[in-house]
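First comes the structure, then the notes that go with it.
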Amino acid sequence: MSLREQLCEYGRRAVELGLVIGTSGNLSVRQGDLVAVTPSGAALDRLAPEMCPIVDVEGYLVEGELQPSSETPMHLAVYETTDAQAVVHTHSVFGTVVATTMTELPPVHYNALLLGGVVKVAEYATYGTPELAANVRAAMEGKQAALMANHGGVTIGATLEQAFEATRLLEWLCEVYVRGLGVGKPTILTEEQLAAVVERALNPPHFPRR
Ligand SMILES: [Zn+2]
């Protein structure tokens, strides 16, 4: 699948799964110095490959008639400082709830380790600005995900599929935490408990054949 075809596929899935409403949210995928990104103002479930602009890592438009998503500077900032090959940004409900009420998503489930443990909330700045890009870049350091204050969430991956799955996981973790707060006081996993999970993952059980 070409980079642009991938954007169409995952854009459609993002809307289907309710991670994105209408034209909110944007995706990009990188190959070398080029980045294919969803266009500004287009519904993500109604994209055609040729609608998706291609920019270079410096932000110059290389191909396409439509303007790149207004959040493209944030995508490029993330590419600049991580080894990400894809970036997914949504305004998913539970992610936005956490980003609007808290300064971080604590690890209440061990799967949070897949995103780097604690997920930080990047400080608020107007959408599309270099300030927001810088804040997200700082919150993302050493992680696969960040939340954006009063805005939404962003995840990265080695492929668009990975970045997309990270977005689904981020939303699931936020939902568990928010619903947990409605029931009682969610227990946060300790450093020691998380280290034990890493240890366990590195040494999976071996079942001998009979
Ligand atoms: Zn946004």
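The values are calculated or read from the model by the stated rules, or taken from the named source; none is laboratory data. The structure displayed is predicted, hence computed values, not measured ones. Every residue, glycine as well, gets a Cβ built from its backbone with ideal geometry; the counts of neighbours run over all protein chains shown. Heavy atoms of the whole protein, side chains included, go into the accessibility calculation; ligands, DNA and RNA do not. Shrake-Rupley method; radii C 1.70, N 1.55, O 1.52, S 1.80 Å.
Summary of computed values
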read-out: Residue list for the range 165-193, restricted to those being under 15 Å from the mean Cα position of the chain (by Cα) and either charged (D, E, K, R) or within 16 Å of the ligand (Cβ to nearest atom) (or both); value: Glu165, Thr167, Arg168, Leu170, Glu171, Cys174
read-out: Top-ranked residue in the range 182-200 [being open to solvent by less than 80 Å² (accessible area, probe 1.4 Å) and free of Cβ contacts under 8 Å to residues at least 40 places away in the same chain; ranked as farthest from Thr126 (Cα to Cα)]; value: Ala196
read-out: Scan of the range 10-27 for residues that are within 23 Å of Val57 (Cα to Cα), more than 13 Å from the ligand (Cβ to nearest atom) and in contact (Cβ under 8 Å) with a residue 60 or more places away in the chain, ordered by number; value: Tyr10
read-out: Number of the condition not met by Arg179 [criteria: (1) over 15 Å from Leu114 (Cα atoms); (2) open to solvent by less than 70 Å² (accessible area, probe 1.4 Å); (3) in a helix (DSSP H, G or I)]; value: (2)
read-out: Filtered residues of the range 33-43 (kept if part of a strand (DSSP E or B) and within 16 Å of the ligand (Cβ to nearest atom)); value: Val37, Pro39
read-out: Residues located in the range 7-32, provided they are assigned to a helix (DSSP H, G or I) and of a type outside the set (D, E, K, R); value: Leu7, Cys8, Tyr10, Gly11, Ala14, Val15
read-out: Selection count, the range 119-161, where residues are touching a residue at least 40 places away in the same chain (Cβ under 8 Å) and either within 12 Å of the ligand (Cβ to nearest atom) or among the hydrophobic types (A, V, I, L, M, F, W, C) (or both); value: 20
read-out: Residue list for the range 121-141, restricted to those being open to solvent by 40 Å² or more (accessible area, probe 1.4 Å) and among the hydrophobic types (A, V, I, L, M, F, W, C); value: Ala134, Ala138
read-out: The range 86-120, subset in a loop (DSSP other than H, G, I, E, B) and hydroxyl-bearing (Ser, Thr, Tyr), residue least open to solvent (accessible area, probe 1.4 Å); value: Ser92
read-out: Sole exception among (1) in a helix (DSSP H, G or I); (2) under 12 Å from the mean Cα position of the chain (by Cα) for Gly153, by number; value: (1)
read-out: Leading residue by the ranking (nearest to Pro130 (Cα to Cα)) among those in the range 49-85 that are open to solvent by 30 Å² or more (accessible area, probe 1.4 Å) and aliphatic (A, V, I, L, M); value: Val57
read-out: Hey, Arg4 among the basic types (Lys, Arg), more than 19 Å from Tyr127 (Cα to Cα), assigned to a helix (DSSP H, G or I) and over 16 Å from the mean Cα position of the chain (by Cα) or not; value: yes
read-out: All positions within the range 44-85 that are closer than 18 Å to Leu160 by Cα, away from the ligand (no atom under 13 Å from the Cβ) and in a loop (DSSP other than H, G, I, E, B); value: Leu47, Ala48, Cys52, Pro53, Val57, Thr82, Asp83, Ala84, Gln85
read-out: All positions within the range 129-146 that are of a type in the set (Val, Ile, Thr) and part of a helix (DSSP H, G or I); value: Val136
read-out: Verdict on Thr126 being part of a loop (DSSP other than H, G, I, E, B) and of a type outside the set (Lys, Arg); value: yes
